[in-house]
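The values are calculated or read from the model by the stated rules, or taken from the named source; none is laboratory data. Source: prediction; values computed, not measured. When we count neighbours, we look across all protein chains shown, and the Cβ atoms used for this are built from the backbone with ideal geometry, even at glycine. Only protein heavy atoms, including side chains, enter the accessible area calculation; ligands, DNA and RNA are left aside. Shrake-Rupley method; radii C 1.70, N 1.55, O 1.52, S 1.80 Å.
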Amino acid sequence: MNDFHRIRRLPPYVFAHIDPIKAKLRASGVDIIDLGMGNPDMPTPQHIVDKLKETVKDPRTHRYSSSKGIPGLRKAQASYYGRRFGVKVNPDTQVVATLGSKEGFANMAAAITAPGDVVLVPNPTYPIHSFGFIMSGGVVRSMPAEPDENFMRSLDRAVRHSIPKPIALILNYPANPTAYTATLDFYKEVVKFCKEHDIFILSDLAYAEIYFDEDVPPSVLEVPGAIDITVEFTSMSKTYSMPGWRVGFAVGNEKLISALARVKSYLDYGAFTPIQVAAATALNGDDKVIEEVRNIYRSRRDVMVESFARAGWNIPAPKATMFAWTPIPDQFAHMGSLEFAKLLIQETGVGVAPGVGFGEYGDQYVRLALVENEQRIRQAARNIKKFLAGQPSHGNVVPITATK
């Protein structure tokens, strides 16, 4: 397999080092509290499930669907953008339904990237933001993840010193894994710069509805003229607790959307039609379900911050997303994030995501996902408290070295 060109460009999967440890511990009877993967644990709202069940009974929905999404779903997404952001888009030419935002990003990269093209990507960031372009033959130049003055200075420097000139800039706010959020003023600066330098903007807005204070995350498409150079990706996975349904969207510039739709037309027939119908029902329904999901994540965040602080590990409170991004405790900083994550799960039964899996600049951090209930989060904190106090084994946690 090492002979394959695209495979050679991919690094080893970080979680491949942790998953066998996790499996071995589970096999020995250890209760793993897994805060590593951002896999929502809440059930999909019942009215969405009911619409799926109703629609699947119609045999006409069992045939091939449309790779760009059925008209009703694209109209529902366009309506959402109008209500939520005040952005008017044409559902026929400016919206494509994707198999989750991850697939959308990867296929957009395939659609627009020539070998050697430079793309500006935050570091650390969600892996597909980089590796979608790497697999398509592009070259990634790292940008700061935080949306501040240093970001703009780095953006200017990257454009002046990159040969060839970058074709695209990736934005991701609220950010995975860092939970950084951006303001509309920041987006205005970025759009102005990118229009002046003929650079596309690809924005990942998967966590638009998971926020915890009065600063409601904006869309970059709210900036006048942004749609001339921008496509934004959203997902229903977190907003509606629909991760396994694989429904997302690309919205924005007609030229880019057309390119994505053309690539997808060769690769898939879209999601199963009943799933698309149910997704349209979700988007057209009461926003109360979104508020309920948001409130659960907010409550879990508060419990994590409070209980981990009492355990001796101070977790910065995220303003948005379903993640906390936190430095490794000082006494373990020398280990780096992967070795610390391995040690932590062996000694406490608590799984976290190593920051290095999101880029080399994340190696002094780990990401904790709010995907366990409050009781389990408190239990994780108790396990960690004993560990930090110097007790390597406790409760029903058995050190992996003791297993067979």
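Observations
- Test: residue in segment 372-384 that is at pLDDT 95 or above, in contact with a Leu (Cβ under 8 Å, 6 or more places away or on another chain) and assigned to a loop (DSSP other than H, G, I, E, B): yes
- Per-region count, segment 314-359, residues open to solvent by 40 Å² or more (accessible area, probe 1.4 Å) and of a type in the set (Gly, Ala, Ser): 1
- Verdict on Arg300 being open to solvent by less than 40 Å² (accessible area, probe 1.4 Å), of a type in the set (D, E, K, R) and either under 19 Å from Ala208 (Cβ atoms) or out of contact with any Phe, Trp or Tyr (no Cβ under 8 Å at 6 or more places or on another chain) (or both): yes
- Check on Thr44, more than 14 Å from Leu260 (Cβ to Cβ) and polar (S, T, N, Q): yes
- Those residues of segment 184-217 which are under 29 Å from Asn295 (Cα atoms) and open to solvent by 50 Å² or more (accessible area, probe 1.4 Å), in sequence order: Leu184, Asp185, Asp213, Glu214, Asp215, Val216
- Taking every residue in segment 4-15 that is within 17 Å of Ala106 (Cα to Cα) and pairing it with any residue that is open to solvent by 100 Å² or more (accessible area, probe 1.4 Å), at least 6 positions away or on another chain, the pairs with Cβ-Cβ distances below 6 Å are Ile7/Met1.
- From the list Val251, Val277, the one residue that fits, being of a type in the set (Val, Ile, Thr) and part of a strand (DSSP E or B), is Val251.
- Top-ranked residue of segment 228-239 - restricted to ones that are in contact (Cβ under 8 Å) with a residue 60 or more places away in the chain and open to solvent by less than 10 Å² (accessible area, probe 1.4 Å), ranked as nearest to Ala175 (Cα to Cα): Phe233
- Lone qualifier among Asp19, Asp50 - being open to solvent by 50 Å² or more (accessible area, probe 1.4 Å) and closer than 26 Å to Ile128 by Cβ: Asp19
- Within segment 287-308, none of the residues are under 26 Å from Ser66 (Cα atoms) and either touching a Gly at 6+ places or on another chain (Cβ under 7 Å) or among the aliphatic types (A, V, I, L, M) (or both).
- Test result for Ala271, in a helix (DSSP H, G or I), touching a residue at least 12 places away in the same chain (Cβ under 8 Å) and either more than 23 Å from Leu368 (Cβ to Cβ) or more than 20 Å from the chain's Cα centre (by Cα) (or both): no
- Sole exception among (1) in contact with a helix residue (DSSP H, G or I) (Cβ under 9 Å, 6 or more places away or on another chain); (2) open to solvent by 50 Å² or more (accessible area, probe 1.4 Å); (3) touching a residue at least 60 places away in the same chain (Cβ under 8 Å) for Lys165, by number: (3)
One line per residue, one yes/no per condition, for (1) under 30 Å from Asn295 (Cα atoms); (2) within 21 Å of the chain's Cα centre (by Cα):
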position	(1), (2)
Pro12	no, yes
Ser28	no, no
Gly38	yes, yes
Phe85	yes, yes
